[in-house]
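Let me begin by presenting the structure, written as structure tokens, before commenting on it.
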Amino acid sequence: MEEKELIKQLEILISKYIDDNEKKATLINLLKARGSSIGKAILHEINESTVPFDPKDSDIIKEIAFHCV
């Protein structure tokens, strides 16, 4: 997965799993500024989310974790 695709997928996951709009905006802005280098922090925030996890996203999350951890 290339950088551009990582950023796109991380932004989709932020939008889907972060329910606090202020935190969502902050994470998206950080992602745009720093790129996938903050992927690990974003995955942590998603893990802490109270939004129910969709098992369909597990492959995307595994791919992101492989590149960002």
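Laboratory data are not the source of any read-out in this text; all were calculated from the coordinates shown. Fair warning: this is a prediction, and the values are worked out from it, not measured in the lab. Virtual Cβ from ideal backbone geometry, glycine too; neighbours counted across all protein chains shown.
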message: So if I check each of S36, S15, which one is small (G, A, S) and touching a Leu at 6+ places or on another chain (Cβ under 7 Å)?
response: S36
message: Name the residue that is nearest to H67 (Cα to Cα), counting only residues in the range 1-34 that are under 11 Å from the mean Cα position of the chain (by Cα) and not aliphatic (A, V, I, L, M).
response: Q9
Residue count for the range 44-66, restricted to those that are surrounded by 16 or more Cβ atoms within 10 Å (Cβ to Cβ) and of a type outside the set (A, V, I, L, M): 3
query: Counting only residues that are touching a Phe, Trp or Tyr at 6+ places or on another chain (Cβ under 9 Å) and of a type in the set (F, W, Y), how many does the range 21-69 have?
result: 1
- request: Kindly indicate whether any position in the range 7-19 is outside any helix (DSSP H, G or I) and touching an Asp or Glu at 6+ places or on another chain (Cβ under 7 Å).
  value: yes
message: Residue pairs, Cβ under 7 Å, 6 or more apart or interchain, first in the range 1-24 and within 17 Å of F53 (Cβ to Cβ), second loosely packed, with under 14 Cβ neighbours inside 10 Å and among the small types (G, A, S). List them.
response: K24/S15
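Taking I46, is it over 18 Å from E2 (Cα atoms), in a helix (DSSP H, G or I), under 12 Å from the mean Cα position of the chain (by Cα) and not acidic (D, E)?
In short, yes.
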- prompt: Among the residues of the range 36-65, how many are touching a residue at least 40 places away in the same chain (Cβ under 8 Å) and of a type in the set (A, V, I, L, M, F, W, C)?
  reply: 3
task: Could you tell me which residue of the range 21-43 is surrounded by the fewest Cβ atoms within 10 Å (Cβ to Cβ), considering only residues that are of a type outside the set (D, E) and more than 20 Å from K4 (Cβ to Cβ)?
output: N21
